[in-house]
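To start, the structure itself, in structure tokens.
The values are calculated or read from the model by the stated rules, or taken from the named source; none is laboratory data. Predicted model only: the values in this text are computed from it and were never measured. Please note: Cβ atoms are built from the backbone with ideal geometry, for glycine as well, and neighbour counts cover all protein chains shown. These area figures cover heavy atoms from the full protein model, side chains too; ligands, DNA and RNA do not enter into them. Shrake-Rupley method; radii C 1.70, N 1.55, O 1.52, S 1.80 Å.
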Amino acid sequence: MEPIEITKASLEDYKTIQVLGRQTFEETFANSNTAADVAKYLEENLSEEKMRTELADPNSSFFIAWEGEKPVGYLKINQCKAQTELQDDKALEIERIYVKSSHHGKKVGQLLYEKALDSARLEGKTYLWLGVWEKNPRAIRFYEKNGFVAFDTHIFRMGDDVQTDIMMKKTLNPLIDFSIQPLLENENILLIPLEETDFEALYSLASDPKIWEQHPNKDRWKKDVFQNFFDGAMQSKGAFKIVDKNTNALMGSTRFYDYSEQENKIFIGYTFYGTAYWGKGINPAVKRMMMDYIFQFVSKVQFHIGATNLRSQIAIGRIGAVKVAEEEVTYFGESPRFNFVYEINR
């Protein structure tokens, strides 16, 4: 499976949305409803004219999940008067998250949901809400897992059939309730949440001793030592693999960690790249992406840099970080090492 890329749809994408919408809707509901009711719903809600109108609405946004050149899912969100109910300026509605059945269980829906969550935070919304069919337990569990609770019901029409949707809500605190593992991207680079299945590919990159020559732990090229590093990455729930958008090549890894609500700060670190990607401007670009995102929620970002790691000290200084402390740091499952602490303020 290729990395999933989420892009915002434009008016020119109406056909892609229409085809994807029809296919995923039929896969989800055809077995539970009459063919006539499904056909009537599709004609009324996923016609070309309807798609063009919705895509042109400034208060609605569509996002498409791509696997390579294949669209595999999509998201529709609404705010202000585009919301199907409530129409609260403080809210953002998730109207649709649909994923092809071939990609169920591959976290495509989670990535689309996180795009909606990021959009709500960027717009300063205080809560997300949605309606989910009472007979769709898979979707209900998905939203419950992501912190939604039921608060009401409303009527949903499937063709001529009147059905009940459960209305669910997730309250947001923009200073506390934010993801440290979103999908981030620029023109050339993807930061994709790290998964257990990425170990072998990432170790293949990290097994070059040259990568760790100036690092406090010079043995991370060894498989058992790197396994410990990888386990810490997974437990942090803030780790990413860094992927070349143009070639899908794996370039390295980085993570957010040690968020402090009291000090309103977070660390970026545990970063490494294959030597083929050194000196190409990739590291500052990655750091800028991460800081552009995280500075929505914190006032300062800090970095642990090994006291002997001159290469990283120079690199972090070039993006504006200032040394603020020296301290021993115990990396996950490793012995304490002497580090410098660098800081950038919002």
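The residue list 172, 111, 122, 117 contains one member that is touching a Leu at 6+ places or on another chain (Cβ under 6 Å), closer than 30 Å to residue 253 by Cβ and hydrophobic (A, V, I, L, M, F, W, C), which is 111. Within segment 79-97, restricting attention to residues that are farther than 17 Å from residue 156 by Cα and either basic (Lys, Arg) or out of contact with any Lys or Arg (no Cβ under 8 Å at 6 or more places or on another chain) (or both), the residue that is surrounded by the fewest Cβ atoms within 10 Å (Cβ to Cβ) is 81. Looking at segment 240-252, can you tell me whether even one residue there is of a type in the set (A, V, I, L, M) and closer than 17 Å to residue 182 by Cα? Checking segment 240-252: at least one residue is of a type in the set (A, V, I, L, M) and closer than 17 Å to residue 182 by Cα. Restricting attention to segment 2-16, does a residue exist that is assigned to a helix (DSSP H, G or I), β-branched (Val, Ile, Thr) and either under 27 Å from residue 123 (Cβ atoms) or at pLDDT 95 or above (or both)? The answer is yes, given that some residue of segment 2-16 is assigned to a helix (DSSP H, G or I), β-branched (Val, Ile, Thr) and either under 27 Å from residue 123 (Cβ atoms) or at pLDDT 95 or above (or both). Among strands (runs of 3 or more DSSP E) entirely within segment 102-199, having at least 3 residues that are surrounded by fewer than 19 Cβ atoms within 10 Å (Cβ to Cβ) singles out 149-158, 161-171.
A count restricted to segment 47-73 and to residues that are closer than 21 Å to residue 158 by Cα and surrounded by fewer than 18 Cβ atoms within 10 Å (Cβ to Cβ) stands at 5.
Every residue, every condition in (1) touching an Asp or Glu at 6+ places or on another chain (Cβ under 8 Å); (2) of a type in the set (D, E, K, R); (3) not in a strand (DSSP E or B), yes or no:
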site: 51; (1), (2), (3): no, no, yes
site: 66; (1), (2), (3): yes, no, no
site: 71; (1), (2), (3): no, no, no
site: 87; (1), (2), (3): no, no, yes
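Restricting attention to segment 251-266, the residues being open to solvent by less than 40 Å² (accessible area, probe 1.4 Å) and either within 18 Å of the chain's Cα centre (by Cα) or at pLDDT 95 or above (or both) number 8. Tell me, which residue of segment 200-244 that is open to solvent by less than 40 Å² (accessible area, probe 1.4 Å) and in contact with a Pro (Cβ under 7 Å, 6 or more places away or on another chain) is farthest from residue 256 (Cα to Cα)? Ranking the candidates gives 243 first.
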